[in-house]
Amino acid sequence: MAKIKHFFPTAAIISSLLLLSGCAGENGSAARASYPNECPYAKAADSCAKTAQCTPNPKEKFVDEKVMEPIFSQLKDTVWTPVSLANQGDLKAPMTNGKYEVYMRFDSNCRVNGKAGDNLFGGNPSITKSGNFKADKFFTTRMMGPNFKYEDAFLKALSSSDFICVKADSLKLYKDGKITADFKKISLGQTTATPNK
């Protein structure tokens, strides 16, 4: 049985910010998006950091391992798979018998679990009202497998991201206002997950 270790080295903490339902300008009005350096969902003024850029809202404090509303309701019981990673090069997301090997699931309590390629990962994120996100207590199993290169790119994209925009069936991760990963919403049945995983 594979041992469970910390998700990333202790010196590297996943810090992401979640923005759901769109992004708005400083005064709450819609901003014109210039993808990928501005949030592509710049039409909704609510549930957003007050910036047209896909960057963190530094004013909010985290409640450790707690996901706040309205984000909680937006994320619970959803599953996402990456469409593309900024650092993937020629690598392709692995699939087995038409099912996704890489996915990220938020359960009914907004705990995260999923598969990075060859290894399982998960943890309890902390998410503020406007979408600041951190997952510094994530873990991963450590098994070698055929998907290790894509898995490495996927985990690096997650660990480097500081912001997420979500709209309908699309979720995008950013770092410093530039996209790091693009996800689409899927069902758990479309993944290689076994029951209760």
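Any chance you could run the full-extension gain for Lys59 through Met143? It's 0.36 nm times the residue separation minus the Cα-Cα distance, nm to one decimal.
Stretched fully, the Lys59-Met143 segment lengthens by 26.3 nm.
Net charge near Leu91, counting Lys/Arg +1 and Asp/Glu -1 over other residues with Cβ under 11 Å of its Cβ?
With Lys, Arg at +1 and Asp, Glu at -1, the neighbours total -1.
So the label point goes 7 Å from the Cα of Lys99 along Cα→C-beta, right? Which residues of segment 115-129 then have their backbone N under 19 Å from it?
Output list for this probe position: 115-122.
Name the long-range amide H neighbours of Lys66: under 5 Å, sequence gap of 5 or more, or other chain; modelled H, no Pro or chain starts.
Ile127
Based on the mean of other Cβ atoms within 10 Å per residue, sort peptides 80-91, 118-129 so the most packed one is first.
By packing density, highest mean first, the sequence is 118-129, 80-91.
At a 10 Å Cβ-Cβ cut-off, how would you order Cys110, Cys165, fewest neighbours first?
Cys110, Cys165
Within 10 Å, count the other beta carbons around each residue, average over each peptide in 168-174, 67-73, 57-63, 158-164, and list them highest first.
Result, highest mean Cβ count within 10 Å first: 158-164, 168-174, 67-73, 57-63.
Ordered by residue, what ³J(HN,Hα) values in Hz, to whole numbers, does segment 137-153 give under the Karplus form 6.51 cos²θ - 1.76 cosθ + 1.60, where θ = phi - 60° and Gly and Pro are x?
For segment 137-153, the Karplus-derived couplings read 10, 6, 10, 8, 6, 10, 10, 7, x, x, 9, 4, 5, 5, 4, 4, 5 Hz, x marking Gly and Pro.
Fewest first, what order do Arg105, Arg111 take by the number of other Cβ atoms within 10 Å?
Ascending Cβ contact count within 10 Å gives the list Arg111, Arg105.
Find the relative contact order for segment 96-197 and round it to a whole percent, using C-alpha pairs within less than 8 Å whose residues are 6+ positions apart.
22
Read-outs: derived from the displayed coordinates by stated rules, not from any lab. Note that the structure is a prediction, hence the values are computed from the model and not measured. Counting neighbours? That spans all protein chains shown, and the Cβs are built from the backbone with ideal geometry, glycine included.
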